[in-house]
Amino acid sequence: MLASGIMDEDAGSMQRMIDCGAGAIVTKSIGIQPREGYANPTVLELEYGLLNAMGLPNPGIDEYGEEMKKLQKSAIPIIGSIYAADAAEFVALALKMEQYGAAGVELNASCPHAKRYGLEVGCDTTLLQTIVSSVKDQVHIPVFVKLSPNVVNIVEIAQAAEKGNADAIVAINTVKGMKIDLETAHPILANRTGGYSGKAIKPIGVRCVFDIAQNVNIPVIGVGGITTGEDAVEYFMAGASAVQIGSAVYYRGPDVFKHVYKELNVWMDTHGYKKIAELVGAAYQ
Amino acid sequence: MNIPTITTLLTSTTETVDVKTITFRYPGAVLPGQFFMIWIPGVDEIPMSVSEMSKKLKGVTFRNIGDATHALYHLSPGSKIGVRGPYGNGFTLTGKHLLFVGGGTGVAMLAPAVEHARKRKLKSTVVIGVKTKNELFFEDRFRRCGATVLVSTDDGSKGHKGFASDLAKEVLTKESIDAVYTCGPEPMMKTLLSACRTIPFQASLDRYMKCSIGICGQCCVGTGLRVCVDGPIFDGKTLQKVEDFGVYRRDAAGRKISF
């Protein structure tokens with residue numbers, strides 16, 4: 001599925017990702033109010049991955065309804081990513097997404113570079129559990145919680161989400177990082193720091209999924225650096241039941257979904273696997 | 001790596017009261033119609049189409065209109081700026097007699113394309129549309145390279161009184177034009193597209209841009225067409241299917257703003 005934040009601010013972009021073979025779409029993280037995000041530069045390609053600080057730009061939940069409604073007849077699930085600072089806002093956003101026809105919601109408890117939001121919510125186990133259970137009490141669609149690797153113990157956070165009755169854990173969001181221009185001594189991102197993604201963070205994501213999946217009884221969706229079919233296999237073996245792709249849309253173009261799907265099938269055929277379920281958690285030995 | 005390269009501002013030339021052209025050292029090949037991301041450290045980074053190009057030097061032309069262009073407008077030669085690119089696809093010049101239609105500062109990015117066409121000895125007619133004659137620039141530059149230049153002003157202070165699209169329509173009826181290239185206000189370009197009918201048409205689109213490398217979705221039009229990677233030049237066939245063309249753009253938050 002398409003990871004949140006990539007080609008998903010309007011219905012047209014998401015339609016293109018659907019046409020390119022994504023199995024599900026996670027929308028841009030949407031908040032109560034419109035938000036412009038940070039000034040540029042917002043995205044850099046470094047030697048081994050992408051560094052971004054978009055700053056949660058989005059048109060706000062009311063205007064985003066138009067985009068969601070255009071995709072209501074979509075053949076694949078559209079999962080609404082939402083961000084907020086407290087339980088009441090998360091609930092309001094989740095209800096709107098449900099009303100717009102979202103197949104599920106993904107709570108952004110992990111954006112590493114927006115004050116009061118994301119990671120600031122996602123490293124407080126008590127707050128996170130309250131938020132998840134409040135949302136679960138109000139909506140009927142599945143609730144995913146996307147976690148950050150920028151915490152001391154990601155397993156504790158995942159368990160708090162599980163206690164709040166989350167339906168799945170999504171791991172991982174980007175890894176905090178920065179890039180300084182040597183000639184001017186300026187941090188290049190306008191926000192100074194950002195989140196690192198792409199191949200470079202795959203081992204971090206695989207480790208997180210491996211640890212989480214063995215300590216919770218709900219599915220884990222793997223994300224972080226998946227660029228090829230073999231990357232997906234690795235996440236499945238670590239315990240992921242599904243995977244998301246973001247940065248690889250840059251590295252391999254929008255057709256990355258078709259490529260990964262094909263590579264995954266070839267790998268499974270040559271290694272005698274018939275179902276992804278046979279791969280899930282294969283590394284626990 | 002896709003990060004700004006620091007370079008030195010070499011020249012800053014006043015074109016009109018609020019339009020300037022800056023040049024900087026930036027080696028490498030660029031196609032007319034492509035753009036750079038220009039970084040003013042501590043201020044912003046914005047997309048700008050190339051308006052001057054030689055082997056080692058490149059230049060962009062802009063109106064002093066926002067924070068970034070305001071900062072650039074007041075930078076003196078010798079200042080450091082960051083440049084990355086070129087990005088996007090560029091124009092494809094086809095045919096024997098080409099019509100270029102530029103509205104406002106849109107005319108600036110057509111200049112390398114016109115010069116390119118003239119180098120290939122292609123007959124080139126340029127229609128420049130501005131509000132009033134004081135906003136006119138690059139007229140001499142087009143004449144120098146051997147293009148026919150026609151001017152329209154909204155207030156009639158010079159040349160044809162009215163819109164550039166009306167003047168361009170006249171050219172289309174009188175002359176045998178093989179292809180039309182345009183950059184300017186989108187409603188103008190949309191009018192031009194419908195006047196072109198079967199004549200090949202290419203337009204340069206301007207959208208709020210963030211990542212510039214095709215992933216953030218900010219600049220997308222139609223069914224996920226990324227102005228930064230799939231554009232900024234789109235042909236008429238594609239634009240006919242883009243519902244936002246000439247109708248709305250999206251601001252930094254992704255809210256739709258009508259033209």
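A few remarks follow.
- When each of B:219, B:196 is tested for being more than 7 Å from every other protein chain (Cβ to nearest Cβ) and in contact with a helix residue (DSSP H, G or I) (Cβ under 9 Å, 6 or more places away or on another chain), the lone residue that passes is B:196.
- Any hit, region B:85-100, residues being among the β-branched types (Val, Ile, Thr), at pLDDT 95 or above and buried (at least 17 other Cβ atoms within 10 Å of the Cβ): no
- Scanning region A:168-195 for residues that are within 14 Å of chain B (Cβ to nearest Cβ), assigned to a strand (DSSP E or B) and under 13 Å from the mean Cα position of the chain (by Cα) gives a single hit, A:195.
- Test: residue in region B:194-207 that is over 28 Å from residue B:168 (Cα atoms), charged (D, E, K, R) and not assigned by TED's automatic domain parsing to the domain that holds residue B:30: no
- Selection from region B:157-169 of residues that are in contact with a helix residue (DSSP H, G or I) (Cβ under 9 Å, 6 or more places away or on another chain) and not hydroxyl-bearing (Ser, Thr, Tyr): B:158, B:159, B:160, B:163, B:164, B:166, B:168, B:169
- Taken over region A:232-257, the residue count meeting the criterion of being under 16 Å from the mean Cα position of the chain (by Cα) and either surrounded by fewer than 21 Cβ atoms within 10 Å (Cβ to Cβ) or not aromatic (Phe, Trp, Tyr) (or both) is 11.
- Members of region B:18-42 that are hydroxyl-bearing (Ser, Thr, Tyr) and outside any loop (DSSP other than H, G, I, E, B): B:21, B:23
- Per the conditions (1) more than 8 Å from every other protein chain (Cβ to nearest Cβ); (2) aliphatic (A, V, I, L, M); (3) within 30 Å of residue B:81 (Cα to Cα), the sole criterion not satisfied by residue A:61 is (3).
- Search result, residues across region A:5-38 that are assigned to a helix (DSSP H, G or I), more than 7 Å from chain B (Cβ to nearest Cβ) and either free of Cβ contacts under 8 Å to residues at least 40 places away in the same chain or closer than 16 Å to residue A:84 by Cβ (or both): A:19
- Annotation: of all residues in region A:43-57 being assigned to a strand (DSSP E or B) and within 8 Å of chain B (Cβ to nearest Cβ), the one that is surrounded by the fewest Cβ atoms within 10 Å (Cβ to Cβ) is A:45.
The values are calculated or read from the model by the stated rules, or taken from the named source; none is laboratory data. A quick note: this is a predicted structure, and the numbers were derived from the prediction, not measured. A quick note on method: Cβ atoms are made from the backbone with ideal geometry, for glycine too, and the neighbour counts reach across all protein chains shown.
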